[in-house]
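Note sheet for the following structure.
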Amino acid sequence: MAPSLSTSPEASRDYAGRIRALAREVPLGNLAAQSVIVAALKILEHSLRQERQVAQAAISMAQQTRLCQMTRELQDAIAALRALLTEQGAAMLQLPASPETPSDATDSWWFALTGAIQELEKGARRLASMASGQPRGGPVRRLSGIVARLLHSHHNQLLREAEQWMT
């Protein structure tokens, strides 16, 4: 039987709740915050598509169940971020994005898994880069940190799964 994705303390964190709590503490309607929210939404939505591909290609029911939990966590964070969009942020979200290159190996669990791992890592790096220009402890930097930790959490969970299958 295939090993299932392991559960870690970081996986049980309520990232969507942390996003909502931050929004209650400080206003996130300024241009810098809206830009980060839009970028985070695009990154999370892309990550969600990647994780869904991994779930569809899962080798076992245990993997599929865990991956579905992970995708729900991303969906919750996406919903929390969407609730923070102002009219200006919603308009930015509608701007055309660069076309995505379709994955040609999504029916293979291993290729879907490694693709998702790479995309989660790239997304976390992009958010960290955006946050680095913001004041330490500021709301935009804190928001970026929450989303980056979510991406790192999923990245680490998928890495552990890959390591289990390589041994």
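Counting only the backbone N, which residues of the stretch 43-62 are under 17 Å from the spot 7 Å out from the Cα of Arg125 toward its beta-carbon? Within reach of a label on Arg125: 43-44, 47. Between the Cα long axis of helix 31-56 and the first principal axis of the chain there is an angle of about 10°, rounded to the nearest 10.
Evaluate the chain: find the radius of gyration of its Cα atoms, find its Kirkwood radius, and give the ratio Rg to Rh. Display every interim value, and only then the final one.
Values: Rg = 16.1 Å, Rh = 16.4 Å.
Ratio value, two decimals: 0.99.
Axis angle, to the nearest 10 degrees, between helix 139-166 and the longest C-alpha principal axis of the chain: 10 degrees.
Between the Cα long axis of helix 109-132 and the first principal axis of the chain there is an angle of about 20°, rounded to the nearest 10.
No lab work stands behind these numbers, since they all come straight from the coordinates. This one's a predicted model, so the numbers in the text were calculated from it and none came from an experiment. Cβ atoms come from the backbone with ideal geometry, glycine included; neighbour counts cover every protein chain shown.
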